[in-house]
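To keep things clear, I will list the structure first and then write my remarks on it.
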Amino acid sequence: MKVPFLDLSLQHRALREPALAALAATYDATRFCLGKDVEEFERGFGALLGYPRVLGMNSGTSPLHVACMIAGLGPGDEVITTPFTFISSAWGVSYVGATPVFADIEEGTFNLDPEKVAAAVTERTKAIIVVHLFGQPARMDEIMTVARRHGLFVIEDCAQAVGAQYRSTPVGLIGDCGTFSFYPTKNLGGCGEGGAFVSRNEEVQTRARHIRVHGSDRRYYHDIIGGNFRMDGFQGALLTVKLPHLTGWNARRRQIAGRYLAEIRLTNVRLPDQPDYGQSVFHQFTLRHPRRDALREHLARCEVGTDLIYPVPLHLQKCYAGLGRGPGSYPIAEAAAANCLSLPIFPELTDAQVDHVIASVNSF
Ligand SMILES: *Cc1c(COP(=O)(O)O)cnc(C)c1O
């Protein structure tokens, strides 16, 4: 039996008719940039997940960039974030000329360790970018305590955590703002690039709305420095078609993860912790094993697709060599990169495929 790591064609085949009808309507109306389809998606997303205000943007990287602009970051400012994430989590910091400063992660959840965050604060620290990695909310209470003590702006990168809550607050509403990605492989994926910005703070949200459209509220009048961060109409239209399925898709991901957690019994395997402050939406199911590469080869022989997410922590990426953090700087993140292995976990997996993944892991 073949189990691909991810197969996007199944979801899109199932939704082909309503999706193409929605895209055709947008096409016929030439609603290409923002407009009614995007507004409808913003309202639907907010109503479903509990966000008072939502701004559709043109990727998950864009709202992180916008957030760094709103935080007023610039050269000399330091922003604390995790080294174990997708590179975009740090890009915004670099775009505005500030400096990413990494703090090591917790072994059990792959998320920022609040004590390491506290230890990384200097008089130049201005913000923290928290990533809810793999769909698992980070330890926000402790991180917010550090942020309040030092007056830091907190950005939540929720790209992998759409639908997740931290102690019954939707992720993205605990810090000063939150960002989402609708890249096709995410739990809620568009037919192209997409993202969103949310904030519990109306002033922050208004600033983001202006920055999204060239720093303007009125066409051809530019009060602040902005950019082009608009979501396109096709993404709004498709995402609105997909939105009613999100809760079920996330529930299916949790069900599959529940089976992996209960039924994988390989010696020396380290399964992800399930803390009580926030249930994961399992964008990924990532385990660790000291013989990760051999396990991966074994699974490939069993026709089970896997991925290495992430093979290189941010501080060891060439682009950040200038930060001067060599091997050994963040040992827990480095160990995670060396022994992590992500299993297939998309909602369309059949029970028989899940059985096969479990049996294959257990037969290593
Ligand atoms: C996907 C992702 C992003 C960026 O999203 P894009 O839509 O690809 O720009 C940012 N942060 C994390 C953690 C992600 O997984």
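The values are calculated or read from the model by the stated rules, or taken from the named source; none is laboratory data. These figures come from a predicted structure and were not determined experimentally. Cβ atoms come from the backbone with ideal geometry, glycine included; neighbour counts cover every protein chain shown.
Observations on the model:
- Whether a residue is surrounded by 14 or more Cβ atoms within 10 Å (Cβ to Cβ) and not in a helix (DSSP H, G or I) was assessed, and Thr240 does not pass this test.
- Qualifying residue in region 211-223 (condition: closer than 19 Å to Thr61 by Cβ, surrounded by 24 or more Cβ atoms within 10 Å (Cβ to Cβ), assigned by TED's automatic domain parsing to the domain that holds Leu15 and within 16 Å of the ligand (Cβ to nearest atom)): yes
- Residue within region 301-308 that is more than 15 Å from the ligand (Cβ to nearest atom), part of a helix (DSSP H, G or I) and more than 20 Å from the chain's Cα centre (by Cα) present: yes
- Residue list for region 100-133, filter: β-branched (Val, Ile, Thr) and in a helix (DSSP H, G or I): Val117
- Scan of region 117-133 for residues that are under 21 Å from the mean Cα position of the chain (by Cα) and either surrounded by fewer than 23 Cβ atoms within 10 Å (Cβ to Cβ) or of a type in the set (Gly, Ala, Ser) (or both), ordered by number: Ala127
- Residues of region 137-191 that are free of Cβ contacts under 8 Å to residues at least 40 places away in the same chain and among the acidic types (Asp, Glu): Glu142, Glu156.
- Candidates Leu34, Leu73, filtered to the one that is in contact (Cβ under 8 Å) with a residue 40 or more places away in the chain, more than 16 Å from the ligand (Cβ to nearest atom) and more than 30 Å from His245 (Cα to Cα): Leu73
- Among (1) away from the ligand (no atom under 16 Å from the Cβ); (2) within 20 Å of the chain's Cα centre (by Cα), the one test that Val241 misses: (2)
- Only listed residue being on the phi < 0 side of the Ramachandran plot and within 16 Å of the ligand (Cβ to nearest atom), chosen from Val117, Val146, Val130, Val121: Val130
- Test for His298: is it outside the structural domain of Val79 (by TED's automatic domain parsing) and crowded, with 18+ Cβ neighbours inside 10 Å: no
- Residue selected from region 134-174 under the condition within 11 Å of the chain's Cα centre (by Cα) and part of a strand (DSSP E or B), by the criterion surrounded by the fewest Cβ atoms within 10 Å (Cβ to Cβ): Glu156
- For Pro83, the conditions (1) assigned to a helix (DSSP H, G or I); (2) in contact with a His (Cβ under 7 Å, 6 or more places away or on another chain) all hold with the exception of (1).
- Close pairs from region 323-348: first on the phi > 0 side of the Ramachandran plot, partner of a type in the set (Val, Ile, Thr) and not in a strand (DSSP E or B), Cβ under 7 Å, at least 6 apart: none
- For Arg13: the one exception among (1) over 22 Å from the mean Cα position of the chain (by Cα); (2) within 20 Å of Phe229 (Cβ to Cβ): (2)
- Cβ-Cβ distances below 6 Å connect the following pairs, each with a first residue in region 239-264 that is under 17 Å from Val162 (Cβ atoms), a second residue that is acidic (Asp, Glu), and a separation of six or more residues or different chains: Thr240/Glu40.
- Region 189-204 - residue that is buried (at least 24 other Cβ atoms within 10 Å of the Cβ) and more than 11 Å from the ligand (Cβ to nearest atom) and, of those, farthest from the chain's Cα centre (by Cα): Ser199
- The condition (being on the phi < 0 side of the Ramachandran plot, outside any strand (DSSP E or B) and among the small types (Gly, Ala, Ser)) is satisfied by just one residue among Gly76, Gly72, Gly97, Gly46: Gly46.
- Positions within region 165-188 being within 10 Å of the ligand (Cβ to nearest atom) and charged (D, E, K, R), in sequence order: Lys186
- Scan region 275-290 for residues that are touching a residue at least 24 places away in the same chain (Cβ under 8 Å) and in a loop (DSSP other than H, G, I, E, B) and the total you get is 11.
- Residues in region 192-221 that are in contact (Cβ under 8 Å) with a residue 12 or more places away in the chain and charged (D, E, K, R): 6 in all.
- Residue count for region 80-99, restricted to those that are surrounded by 24 or more Cβ atoms within 10 Å (Cβ to Cβ), closer than 16 Å to Pro63 by Cα and away from the ligand (no atom under 12 Å from the Cβ): 1
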